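The values are calculated or read from the model by the stated rules, or taken from the named source; none is laboratory data. This structure is a prediction, so every number in the text was calculated from the model and none was measured. Positions of Cβ are generated from backbone atoms using ideal geometry, with glycine treated the same way; all protein chains shown enter the neighbour counts. SASA here: full protein model, heavy atoms, side chains in, ligands and nucleic acids out. Shrake-Rupley method; radii C 1.70, N 1.55, O 1.52, S 1.80 Å.
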Amino acid sequence: MAGVGARQLPVMGWPALLLLALCTAGAQGLYFHIGETEKRCFIEEIPDETMVIGKYRTQMWDKQKEVFLPSTPGLGMHVEVKDPDSKVVLSRQYGSEGRFTFTSHTPGDHQICLHSNSTKIALFAGGKLYREERFRLTSESTNQRVLWWSIAQTVILILTGIWQTRHLKSFFEAKKLV
């Protein structure tokens, strides 16, 4: 069995952690760390018709406490595997912990690429979209109220004009000026 662990990337400001275990016929382990927007690729020689199972776990590194935090919702990884002919064998988004499997159909060097699907940016965009949606609903509600208030004012003005016209007409008829 192979295990891959990630630690804080000192160069990158984003300490995304990725634990990956690649199980091949030779069963080897590999530990690495990967930044939030970084992509990591490995080349592995795999025989024909060999099932490859990779186990992984993604975690965030807390700089202040210097510990790994439990996996957060939305944090995961994308796995892409290409065969020696550069044909995509596997390309899939995964959650924060689990495993992926593929079978080699041609012998040779397979490229296995991993990158974090960190949601910091997605959460920021999601929050922005939520605020925009809320603002749009508030604007539409205000617009609707203004429309009904304008209609109510117009009706009141028309009724007041009709009442004034009748009142003045009856006033002048009583004074015998009309």
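So which pairs qualify, if the first residue must be in region 37-50 and within 11 Å of CYS113 (Cα to Cα), the second must be modelled with pLDDT of 90 or more and among the basic types (Lys, Arg), the Cβ gap must be under 6 Å, and the two must be at least 6 apart or on different chains?
Within 6 Å, no pair qualifies.
One line per residue, one yes/no per condition, for (1) open to solvent by 90 Å² or more (accessible area, probe 1.4 Å); (2) part of a helix (DSSP H, G or I); (3) modelled with pLDDT of 90 or more:
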| residue | (1), (2), (3) |
| --- | --- |
| GLN111 | no, no, yes |
| LEU114 | no, no, no |
| GLY126 | no, yes, no |
| TYR130 | yes, yes, no |
| GLU140 | yes, yes, yes |
| TRP148 | yes, yes, yes |
| THR154 | no, yes, yes |
| THR160 | no, yes, yes |
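With the condition kept exactly as written, say whether any residue in region 86-102 is more than 14 Å from ASN117 (Cβ to Cβ), at pLDDT below 80 and either small (Gly, Ala, Ser) or not in a strand (DSSP E or B) (or both).
No.
Filtering region 22-38 down to residues that are modelled with pLDDT under 75 and open to solvent by less than 40 Å² (accessible area, probe 1.4 Å), which residue is nearest to PRO107 (Cα to Cα)?
THR24
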